[in-house]
Amino acid sequence: MSTYDNTNKGVLFKNDKKGNEKAPDYTGKLNVGGKEWSLAGWKKESKTGTTFLSLSISEPRVKAGGDTSL
């Protein structure tokens, strides 16, 4: 069985646990050059009515026990 290489790839999932209006609509992970990043996305609409995603990338937050998984 071969191992899947996640380098320079990412994923976003719909945020079903959105607690407030400012929380991201999508959350996920992004791997850039072997380093793991947290990714967040908000659905927005431009002045012309075009829907788009506004993205934010950040260092993953360390959970209790040192786990950085989302």
Cβ charges +1 (Lys, Arg) and -1 (Asp, Glu), total dipole of the chain, debye: 180 debye
Kirkwood Rh in Å, taken over all unlike Cα pairs in the stretch 3-59: 12.5 Å
Residue order, fewest to most beta carbons within 10 Å, for GLU21, GLU36: GLU21, GLU36
Sites matching trypsin sites (Lys or Arg not before Pro) across the stretch 12-57 that sit in DSSP coil, with at most 16 neighbouring C-beta atoms within 10 Å: LYS17, LYS18, LYS22, LYS47
Cβ-Cβ FRET estimate between THR51 and ASN8, R0 fixed at 25 Å, reported to 0.05: 0.45
Table column - 3J(HN,Hα) (Hz), the stretch 15-29, Karplus curve with 6.51, -1.76, 1.60, x for Gly and Pro: 7, 7, 9, 4, x, 8, 5, 7, 5, x, 6, 9, 9, x, 10
Pairwise label distance in nanometres, LYS18 with VAL32, each label 7 Å out on the Cα-Cβ vector: 2.5 nm
Mean separation of Cα contacts under 8 Å, 6 or more apart, over the residue count of the stretch 10-58: relative contact order %: 28 percent
In the stretch 1-66, chymotrypsin sites (Phe, Trp or Tyr not before Pro) in a DSSP loop with at most 16 other beta-carbon atoms within 10 Å: TYR4
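Laboratory data are not the source of any read-out in this text; all were calculated from the coordinates shown. Small disclaimer: the values here were computed from a predicted structure and weren't measured. Please note: Cβ atoms are built from the backbone with ideal geometry, for glycine as well, and neighbour counts cover all protein chains shown.
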